Amino acid sequence: MLQKIVLAILSALALACAACKERATVTPAVTLEGAWTVFFGNDCKGYQLKSDNLVLHPDGTFDQIVVAKDGKRFDSLGQHWRFLPPDSIELRKRRNFFTAQDYKELVGVPELEVLIVKSDAHPAILLHPDSNCFYTKEK
């Protein structure tokens, strides 16, 4: 009787361990590490930005370098990012400057964002699924 109870407990433990095995790491179809720059399509031509660049580092940090149309530069260094399967990226404290309003001083709002990664012949990080403003990978 005791053997049957021990065998049942061991079987249950083995089944539980098999179910809780660590999942294989999922990697994106495009290498995210590297430099990305915003393409300013018609949806964001009125924004007060000349450039917005991200550098995604392999250690999970990123730098954002933004230059306003008046030449002012804004650096946000050492922020954190991670890939979220199957096709998203989480950017912690990416500064959002995307507004067409007039203002005296350009100040980006640090936000936690989850953006879609498009992995095809022309990789992109979409700022909004319906917008033609997005980050493109530099070669």
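Taken together, the values in this text are just the output of simple stated rules run on the coordinates, not laboratory data. Keep in mind the model is a prediction, meaning the values are calculated, not measured. Glycine gets a Cβ as well: all are built from the backbone with ideal geometry, and neighbour counts include every protein chain shown.
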Return the distance in nm (one decimal) between the two label points of a simple spin-label model at Val67 and Glu113, each offset 7 Å from Cα along Cα→Cβ.
-> 2.0
Derived scalar couplings ³J(HN,Hα) [region 128-139; Karplus, 6.51 cos²θ - 1.76 cosθ + 1.60; whole Hz; x for Gly, Pro] | 7, x, 9, 10, 9, 10, 7, 7, 10, 6, 7, 9
Label-point separation in nm, His122 to Arg92, each point 7 Å along Cα→Cβ = 3.3
What would the Debye formula give as log10 I(q)/I(0) at q = 0.11, 0.20 Å⁻¹ for the alpha-carbon point model of region 27-137, no solvent?
-> -0.32, -1.08
